[in-house]
Amino acid sequence: MRRMFENAEIPVEGLPSAETVAWQPMDPKLMRRRLAEAGIALSIVTAGIAGLQVLLGIALVDENVPINLGFLWLVPLAVGIAVVGWPLVCVPKMAYAVRERDILYRSGVFWHTVTAVPYNRIQHVEKSTTPLDRRFQLANLKLFTAGGAGGDLTIRGLPVRTAEKLRAYILDRTGTAVEQA
Amino acid sequence: MYFFGRFLRFVSRNATQSLAPLAALLFATGGDLSGRLALVGTVALGIALAVSILAYLFFRYRITDDSILVREGVFRKRQLDIKFDRIQAINTRQNVVYRWFGVVTVTFDTAGSAQEEGSLPAIPTALADSLRKKTRRGGGRPAETSEETEANTPPPILALTNVDMVRIGLSDNRAFILLAILGPFSEQIEAAIGEYIESRGIAEGLELTLVQGMTFGVAIVAVVLATLALASIAGAFLRFHRFRLEVDDDVMRSSAGLFTRHEQSIRFAKVQTLEARQGLLLQWFRRFRLRAKQASSVQPGKEKHFAVPLCTAAQTDGIGREIFGDEFRDIDLAPTSAAFRPIHHRYLRARILIGGVLPALFTSSMCAALGIPGGVVFLAWIPLNALGVWIAWRKFGYIAAADGMVLRRGLIGYRVGAFLYRKVQRIGITQTISQRRRGLATLRFYLASGTLKLPYVDHRLATEIRDYVLYRVESGNLAWH
């Protein structure tokens, strides 16, 4: 028997809400990776200042110039507080939620942002890793939608296996979305 | 002609800097300058002709059932395979010489490409028409003959008159942008005019009173403005003379141009956002400028769009209904519509504080600390900024309809953008610390043609809109492109 056309009314209140999803926090390894990155940056700044002091000391050894460069150590101190402190507050704010038809990503310390990307709008998915990511067995997943001049959605610091599974799942969902022109 | 022009454009864009040392060498060495210029000119012309002829000889194209194949390049070969169903729009250009020979240059826009994907220079008009028809069907079927095309030409839904050309020219602010660019050089220009007058002895024995001097100055400004306005009107005649807008089934097509006829077309399904703009002069003329934006991955401001240079409010709504069809039947692009809902007044406080009070206080206090006199002047920025923010806040508005949204914004004029929910690619909600305290949020709609922002709305409303848009995107079976 031929099925009748149906157009049931959907109450707006009854729509699935992205506010009530169970957010998946980022892997604890992401915090360690970010802190390691901060440690490397801090070491480079410290080494630079130490080198500068040594060079100036050598250059001015015969000169009777009273130059005190001790204040320069305030730079690594300030940088240290910023780069070490930032992951501690930033990473706990990051979370994602995989739903049947879209993926949600939450981030931001001062500016809280929740972005939703429907699978049927994803053009392609890119998985990338840096040497530091690989050291911590993490990967970044970038979801490309059309007209991405404003920036696409990137989920940083997913465990490699999760990133791969997520990529396969999203591609599968993208492939099953059949639309008519 | 086409390849010669393309080579000249390529040289002017990419090789101008490389030619500078050659020019310097030409002028620095002694001897007969005109003879050397003639020699260099002849050689350059010879190279340009040789390159153009080679490019022409190596250019080949083939039209198959489902695609256009292009092969070009002398040393670096380029092969293009443009599928008919991927083509967003087919645009044509026809200059006076092409018109004599009955040929046009066709360019193809494909989704997300930064520039036109490819072009077929100087092909017969009938072939261009058949390509257009194939594109609409996604290829496959044979094209109609040109006689049938002419017989089926629909009446225009919009045709611009000569008075409209004057309106377009006057409301085009590019001439005034030129004036703004020249502004910083006003002293140099003034000095040059002074020197010219002195050298010619024009002002010898001439004594001007203050009033005469001021009148003279005002006259010069008036002459400059009138010249710019005339140039702008001439530009409008060149580009938009005999502008006609036609709707043929699911395609909108425009043709215009005094010497070179430009023909643009766009399929309704490809339109991502429709934007109506109205500057001060257009407000006075009670007219709008329309842009139907397509998918684009280039930087904001450089997007590809289908433009209607001038139309009335009724024509604007009519074009909107043609483009969005039954999906957005109640579209309302009039900026003064009562249906627009305002955004929250907290927008004012945030913008006045961040863009006005803080920078003004910082600059003034820095001046005071450094002992620079007159730093208090910067405090005048606070009321100026506040006025601008207040105007912008008053103009922000939105209409959340069942199938789409209309967003209004502006400072001097209006900019009203409409889109269908199902065309949204991503959607985001952002809350600042202050917005979180007040239960407010900023909603961002990421479309393939760019991003649209709805700031300072109730957070609950923002989440409801977000969830509804996601529902529309995820439950529909119509493609966004």
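Values as computed for the structure displayed
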| read-out | value |
| --- | --- |
| Gain on full stretching of the segment that runs from residue B:210 to residue B:23 - 0.36 nm per residue minus C-alpha separation | 62.6 nm |
| Fraction of the pair-distance distribution of the stretch A:29-89 above 17 Å, Cα-Cα pairs, percent | 49 percent |
| Centroid-to-centroid separation of the stretch B:295-373 and the stretch A:107-121 [C-alpha atoms, Å] | 23 Å |
| Carbon + sulfur, % of accessible area of the stretch A:95-173 - ligands and nucleic acids excluded, 1.4 Å | 50 percent |
| Square roots of five times the Cα gyration tensor eigenvalues for chain B, Å | 41, 40, 23 |
| Accessible area per residue in Å² at 1.4 Å probe, computed on the stretch A:29-89 | 67 Å² |
| Helical segments meeting 27 Å axial Cα length and Kyte-Doolittle -0.5 threshold in chain B (DSSP H) | B:33-57, B:210-240 |
| Separation of alpha-carbon centers, the stretch B:38-57 and the stretch B:389-415, rounded to whole Å | 53 Å |
| Size of the B/A contact, given as accessible area buried on both chains, probe 1.4 Å, in Å² | 2900 Å² |
| For the stretch B:446-467, residues shielded by at least 30 square angstrom of accessible area compared with the chain on its own, probe 1.4 Å | B:466, B:467 |
| Protein accessible area in chain B, 1.4 Å probe - carbon and sulfur % | 62 percent |
| Largest to smallest principal axis extent of the C-alpha atoms in the stretch B:316-385, angstrom | 66, 22, 17 |
| Entries in A:165/B:83; B:293/B:453; B:77/B:304 that, when Cα-Cα distance is taken, lie over 23 Å | A:165/B:83; B:77/B:304 |
| Local net charge near residue B:337, Cβ-Cβ under 12 Å (Lys/Arg +1, Asp/Glu -1) | -1 |
| For the stretch A:95-173, accessible area per residue (1.4 Å probe, heavy atoms of protein chains only), Å² | 46 Å² |
| Heavy-atom accessible area per residue - chain B, 1.4 Å, Å² | 55 Å² |
| Listing of the stretch A:117-150 residues, each with accessible area lower by at least 30 Å² in the full protein assembly than in the chain alone (probe 1.4 Å) | A:118, A:120, A:121, A:145, A:146, A:147, A:149 |
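The values are calculated or read from the model by the stated rules, or taken from the named source; none is laboratory data. Owing to the predicted nature of the structure, the values given are computational and were not obtained by experimental measurement. Neighbour counts are summed over all protein chains in view; Cβ atoms, including those assigned to glycine, are modelled from backbone coordinates with ideal geometry. Accessible surface areas use protein heavy atoms only, side chains included; no ligands, DNA or RNA. Shrake-Rupley method; radii C 1.70, N 1.55, O 1.52, S 1.80 Å.
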